[in-house]
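See below for the structure under consideration.
The values are calculated or read from the model by the stated rules, or taken from the named source; none is laboratory data. Everything quoted here is computed from the prediction, not taken from an experiment. Backbone-built Cβ (ideal geometry, glycine too); neighbour counts: all protein chains shown. Each accessible area value is taken on the protein alone, full model and side chains, heavy atoms only, with ligands, DNA and RNA left out. Shrake-Rupley method; radii C 1.70, N 1.55, O 1.52, S 1.80 Å.
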Amino acid sequence: MFFLQQKTIGTENLPQVVIIGGGFGGLWAAKELKNKPVSVTLIDRKNHHCFQPLLYQVATAVLSPGEIASPLRRILYRARNVEVILGEAKDFDLRNHQVVLEGGDRLDFDYLIVAAGARHSYFGNDRWEMFAPGLKTIEDALEMRRRILLAFELAEREAFFSGIRREPTFVVVGGGPTGVELAGAVADIARQALAADFKVIDTKKSRVVLFEGSDRILNTYTPELSASALRQLEELGVEIRLNSFVRAIEPGRVQAGDEWIDCDVVLWATGVEASPLGKLLGTKTDRAGRVLVNKDLSIAEDPNVFVIGDMAYFQQEDGTAVPGVSPAAMQMGAHSAKNILADISGKPRSDFHYIDKGSMATIGRSRAIADVFGLKVSGFIAWFFWLFLHIVFLIGFRNRIVVMTEWFWAYLTRERSARLITGDAEELSAAKRFMESD
């Protein structure tokens, strides 16, 4: 075990700022502190920043991982005062102002920004994760893609050898933005992108079933937009089960209420809990593990420790919490950094105010809903807004060009360019036995 010190030349005597997490919150904080009179160390378990809003497009074979992710060092290479450390924070010693990394290494800080994000929650049924992967990382997206494409291959193989045609059934659990996007994309794959590729099975007959526990999908949107999204999904052939809570998930089937549905793939798109790091700060958290923060985003126990993004519970003036979305994390990251710079320059801190610029969800090709600056639209216009804004915020000029090219090609041809299944025939056979096991 040893103590890590900031190695960037010319920053040894500057205030030490440690940022945990290279997601939207942590990255925007680092960019705000770029080349300012502080020494910054950014710690993340991954060497890259992932543009999470487009993960489902990797999961559904539209984009490749490298098109929605960029190395953190490359993003911050012009920031002379920022060092990136590949590692995982495991604990905090707030009395001595130190972060404890996996392996026992310790890093001193004068200011700490914790932006470790959130993970999917299975509501105490963690065993379900092996049957129903969630979608938070590149690895999650690749596993989803593997299972989706493998389901079609296994169905074709079975039909070829046995003569029994059984098109795949896909179950999506959760009717929020991620669930709606996944359901629409899988339906589009089955009915359009793969329709001409398989010779024995008819992929157009594949079932996509979406379970939502409330009385409408996308229930954070207005009832009108939720109804529009439901109609658009139904037009794609998605079966929507409202007021349906999943009670059990087993290999090859899902139970909702008293009904069991046989299926080939289950995708988990509901339930979120904050990183467990929040509970290690010794401060108050809510039921989802989010840290209750002050108006300046610091914690009550230490004004020099900030918690932002999906890890933070920040109550707005109307009594509602700031939503766990990427624009909120970006705003929090920049604001916490500005308060640190205000401290250093002897100026007072400012309270955080979330600016809600709207929200949108894509449903499929030329299908989406959007509520932007009070303007509520659906269909092609909303889909175009969605395309434009995601290109604007996608990090890296090359990434923008590649993604625009892929989307344009997919729009013209309905072709999915990232349809690779990793593994070999032996793994395919093992997956078939697993999916058929009791």
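One table, with the values for the structure above:
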| read-out | value |
| --- | --- |
| When residues of the stretch 314-338 are limited to those that are more than 18 Å from the chain's Cα centre (by Cα) and open to solvent by less than 60 Å² (accessible area, probe 1.4 Å), the one modelled with the lowest pLDDT | G319 |
| Test result for K34, of a type in the set (K, R) and either modelled with pLDDT under 95 or open to solvent by less than 10 Å² (accessible area, probe 1.4 Å) (or both) | no |
| Criterion violated by Q192 - all others in (1) part of a loop (DSSP other than H, G, I, E, B); (2) open to solvent by 60 Å² or more (accessible area, probe 1.4 Å); (3) farther than 24 Å from G271 by Cα; (4) in contact (Cβ under 8 Å) with a residue 12 or more places away in the chain satisfied | (1) |
| Only listed residue being in contact (Cβ under 8 Å) with a residue 60 or more places away in the chain, of a type in the set (A, V, I, L, M, F, W, C), closer than 30 Å to I249 by Cα and touching a Leu at 6+ places or on another chain (Cβ under 7 Å), chosen from L63, L149, L107 | L63 |
| Candidates L194, L236, L210, L242, filtered to the one that is under 23 Å from Y122 (Cβ atoms) and in contact with a helix residue (DSSP H, G or I) (Cβ under 6 Å, 6 or more places away or on another chain) | L210 |
| Which listed residue is within 20 Å of T222 (Cα to Cα), more than 24 Å from the chain's Cα centre (by Cα) and aliphatic (A, V, I, L, M), from L375, L341 | L375 |
| Among the candidates N294, N304, residue that is of a type outside the set (G, A, S), in contact with a strand residue (DSSP E or B) (Cβ under 7 Å, 6 or more places away or on another chain) and at pLDDT 95 or above | N304 |
| Test: residue in the stretch 343-361 that is in contact with an Asp or Glu (Cβ under 9 Å, 6 or more places away or on another chain), within 30 Å of Y122 (Cα to Cα) and buried (at least 18 other Cβ atoms within 10 Å of the Cβ) | yes |
| Qualifying residue in the stretch 226-247 (condition: touching a Pro at 6+ places or on another chain (Cβ under 9 Å), assigned to a loop (DSSP other than H, G, I, E, B) and more than 29 Å from G379 (Cβ to Cβ)) | no |
| Of residues in the stretch 248-276 being touching a residue at least 60 places away in the same chain (Cβ under 8 Å) and in a loop (DSSP other than H, G, I, E, B), the one farthest from T169 (Cα to Cα) | S275 |
| In the stretch 47-81, residue surrounded by the most Cβ atoms within 10 Å (Cβ to Cβ) [restricted to those that are touching a Gly at 6+ places or on another chain (Cβ under 7 Å) and not polar (S, T, N, Q)] | H49 |
| Filter result for V254 (out of contact with any helix residue (DSSP H, G or I) (no Cβ under 9 Å at 6 or more places or on another chain) and at pLDDT 95 or above) | yes |
| Count of the stretch 277-298 residues which are under 20 Å from K136 (Cβ atoms), assigned to a loop (DSSP other than H, G, I, E, B) and out of contact with any helix residue (DSSP H, G or I) (no Cβ under 7 Å at 6 or more places or on another chain) | 3 |
| The listed residue being open to solvent by less than 60 Å² (accessible area, probe 1.4 Å) and at positive phi, out of G117, G103 | G117 |
| Single condition V377 does not satisfy, out of (1) open to solvent by 30 Å² or more (accessible area, probe 1.4 Å); (2) aliphatic (A, V, I, L, M); (3) modelled with pLDDT of 85 or more | (1) |
| Check on L112, more than 21 Å from K279 (Cβ to Cβ), crowded, with 19+ Cβ neighbours inside 10 Å and touching a residue at least 24 places away in the same chain (Cβ under 8 Å) | no |
| Strands (runs of 3 or more DSSP E) completely within the stretch 301-381 that count 3 or more residues being farther than 29 Å from G278 by Cβ | 359-364, 367-372, 375-378 |
| Out of S336, S378, S359, sole residue that is in contact with a strand residue (DSSP E or B) (Cβ under 7 Å, 6 or more places away or on another chain) and under 25 Å from G282 (Cβ atoms) | S336 |
| Of all residues making up the stretch 204-222, the number that are out of contact with any Pro (no Cβ under 8 Å at 6 or more places or on another chain), free of Cβ contacts under 8 Å to residues at least 60 places away in the same chain and surrounded by fewer than 24 Cβ atoms within 10 Å (Cβ to Cβ) | 7 |
